[in-house]
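See below for the structure under consideration.
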Amino acid sequence: MSKEPVAVVGVGQTKHVAARRDVSIAGLVREAARAALDDAELTWADVDAVVIGKAPDFFEGVMMPELYLADALGAVGKPMLRVHTAGSVGGSTALVAAGLVTAGVHGTVLTLAFEKQSESNAMWGLSLPIPFQQPLLAGAGGFFAPHVRAYMRRSGAPDTVGSLVAYKDRRNALKNPWAHLHEHDITLEKVQASPMLWDPIRYSETCPSSDGACAMVLTDRAGAARAPRPPAWMLGGAMRSEPTLFAGKDFVSPQAGKDCAADVYRQAGIADPRRDIDAVEMYVPFSWYEPMWLENLGFAEEGEGWKLTESGVTELDGDLPVNMSGGVLSTNPIGASGMIRFAEAALQVRGLAGEHQVDGARKVLGHAYGGGSQFFSMWLVGSEPPNS
């Protein structure tokens, strides 16, 4: 039996903010799901199954929240799956949902991811006490800063590159009404003058803590034919993982990331990603990860990624726009951050990204990573169905 092509026919997001005190977690996820269904002009009755994801349950302190969210998501009496792969979970959740459609198990699947960081403390949740971890770092930034310094030594990148990424992404966010951070007075000088948190990562080069949810409606060829607006078609999707620590692990450019990208490109028939892919929504929680992932994903040779950033290639009007929506640097409901990358990629090829639309975007990559640079999920979506 041949694989069923997967189409994205609905996308919905909440307005991402520091604290959504007006809604519960159930209200938050329902808001995004309702928006995705409205985009697809479908009802809860049209959904065959729900696939939900979020980051660790201890962030909010509600264990297995999917069990009580079924009612809010119209999933009572329907199959509901939970996915968790740390920070990459938003992407992984979408891929699990896509797999159900591809295999013909379900015709239309609602997939959703969320985080309500105002009800948690992710930084200290990720800072384990002695004896489980040496007291050498605080939060994710403390873990990743040494890897950024290793990249700088390896590539010879000037120390201004991180501020260029942050300045670009925060300006892009001003064109995205759903983004959390809207810093209308942002300047490069302000980014470079912000406090140093984890050398070389400055305050303005880090992601915020956001409350938010993102949802997508995935369907088969028959469902896509009924869609009121152009669908985005999944051309390739893959997940890969590797241990947090092992002899020979390359923290700057993890092998699992390379393998995941290579698999997606193989599925989609991409010979040269730099030439064949129009834009990228990339998981960049700390600004230096843009040049690092440009190399890991095959858009630049090793040690050359920072030159793409510095020369303006990744700007919204550049040759390879990266994080047109403002990225994780502007919006970070952790469990949803990966799905937002996937959903924003879909909006681009559907021509529905609004002010941050890339003209002529036909193939766009969505990318997520999580844990200690150990979990990766990616998909490539296109404006035309596969093999068309």
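Annotations for the structure displayed:
- Filter result (open to solvent by 20 Å² or more (accessible area, probe 1.4 Å) and under 30 Å from H147 (Cα atoms)) within the range 373-388: Q374, F375
Per-residue answers, yes or no, for (1) closer than 24 Å to F59 by Cα; (2) of a type in the set (G, A, S):
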{"position": "N323", "(1), (2)": "no, no"}
{"position": "L329", "(1), (2)": "yes, no"}
{"position": "R341", "(1), (2)": "yes, no"}
{"position": "R362", "(1), (2)": "no, no"}
{"position": "S383", "(1), (2)": "no, yes"}
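One line per residue, one yes/no per condition, for (1) in contact (Cβ under 8 Å) with a residue 24 or more places away in the chain; (2) within 19 Å of G335 (Cα to Cα); (3) touching a strand residue (DSSP E or B) at 6+ places or on another chain (Cβ under 6 Å):
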{"residue": "E119", "(1), (2), (3)": "yes, yes, no"}
{"residue": "S194", "(1), (2), (3)": "no, no, yes"}
{"residue": "W198", "(1), (2), (3)": "yes, no, no"}
{"residue": "P208", "(1), (2), (3)": "yes, yes, no"}
{"residue": "G223", "(1), (2), (3)": "yes, no, yes"}
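- Residue ID - farthest from S373 (Cα to Cα), chosen from residues in the range 217-257 that are assigned to a loop (DSSP other than H, G, I, E, B), open to solvent by 20 Å² or more (accessible area, probe 1.4 Å) and hydrophobic (A, V, I, L, M, F, W, C): A227
- The condition of being open to solvent by less than 10 Å² (accessible area, probe 1.4 Å) and either among the aliphatic types (A, V, I, L, M) or over 30 Å from D220 (Cβ atoms) (or both) holds for only one of A7, A19, A35, A45, that being A7.
- Complete set of residues in the range 258-307 that are hydrophobic (A, V, I, L, M, F, W, C) and surrounded by fewer than 20 Cβ atoms within 10 Å (Cβ to Cβ): A262, A271
- Scanning the range 266-278 for residues that are over 17 Å from G305 (Cβ atoms) and not aliphatic (A, V, I, L, M) returns R266, Q267, G269, D276, D278.
- Candidates V105, V76, filtered to the one that is within 28 Å of E384 (Cβ to Cβ), open to solvent by 40 Å² or more (accessible area, probe 1.4 Å) and without any contact (Cβ under 8 Å) to a residue 60 or more places away in the chain: V105
Residues are listed down the side, and each one gets a yes or a no for (1) over 16 Å from the mean Cα position of the chain (by Cα); (2) without any contact (Cβ under 8 Å) to a residue 12 or more places away in the chain; (3) within 19 Å of W288 (Cβ to Cβ); (4) open to solvent by 10 Å² or more (accessible area, probe 1.4 Å):
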| residue | (1), (2), (3), (4) |
| --- | --- |
| T160 | yes, no, yes, yes |
| S163 | yes, no, yes, no |
| A173 | no, no, yes, no |
| N176 | no, no, no, no |
| L188 | yes, no, yes, yes |
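- Cβ separations smaller than 6 Å between residues 6+ apart or across chains give the following pairs from the range 46-61 residues that are in a loop (DSSP other than H, G, I, E, B) to residues that are among the hydrophobic types (A, V, I, L, M, F, W, C) and open to solvent by 20 Å² or more (accessible area, probe 1.4 Å): A55/I334.
- Whichever residue in the range 332-365 is in a helix (DSSP H, G or I) and of a type in the set (S, T, N, Q) and, among such residues, is surrounded by the most Cβ atoms within 10 Å (Cβ to Cβ): S337
- Qualifying residue in the range 139-148 (condition: surrounded by fewer than 18 Cβ atoms within 10 Å (Cβ to Cβ), within 18 Å of the chain's Cα centre (by Cα) and not aliphatic (A, V, I, L, M)): no
Conditions (1) more than 21 Å from the chain's Cα centre (by Cα); (2) modelled with pLDDT under 95; (3) over 18 Å from L380 (Cβ atoms); (4) not hydrophobic (A, V, I, L, M, F, W, C), marked per residue:
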{"position": "M282", "(1), (2), (3), (4)": "no, no, no, no"}
{"position": "P285", "(1), (2), (3), (4)": "no, no, yes, yes"}
{"position": "E290", "(1), (2), (3), (4)": "no, no, yes, yes"}
{"position": "L294", "(1), (2), (3), (4)": "no, no, no, no"}
{"position": "L297", "(1), (2), (3), (4)": "no, no, no, no"}
{"position": "E302", "(1), (2), (3), (4)": "yes, no, yes, yes"}
{"position": "G305", "(1), (2), (3), (4)": "no, no, yes, yes"}
{"position": "E310", "(1), (2), (3), (4)": "yes, no, yes, yes"}
{"position": "G318", "(1), (2), (3), (4)": "no, no, yes, yes"}
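- Residues that are small (G, A, S) and more than 19 Å from the chain's Cα centre (by Cα), drawn from the range 45-102: A45, A49, G61, A70, A72, G74, A75, G77
The values are calculated or read from the model by the stated rules, or taken from the named source; none is laboratory data. The shown structure was predicted, so the numbers you read here are calculated from the model rather than taken from an experiment. Neighbour counts are summed over all protein chains in view; Cβ atoms, including those assigned to glycine, are modelled from backbone coordinates with ideal geometry. Side chains are part of the model used for accessible areas, which takes the heavy atoms of the whole protein and leaves out ligands, DNA and RNA. Shrake-Rupley method; radii C 1.70, N 1.55, O 1.52, S 1.80 Å.
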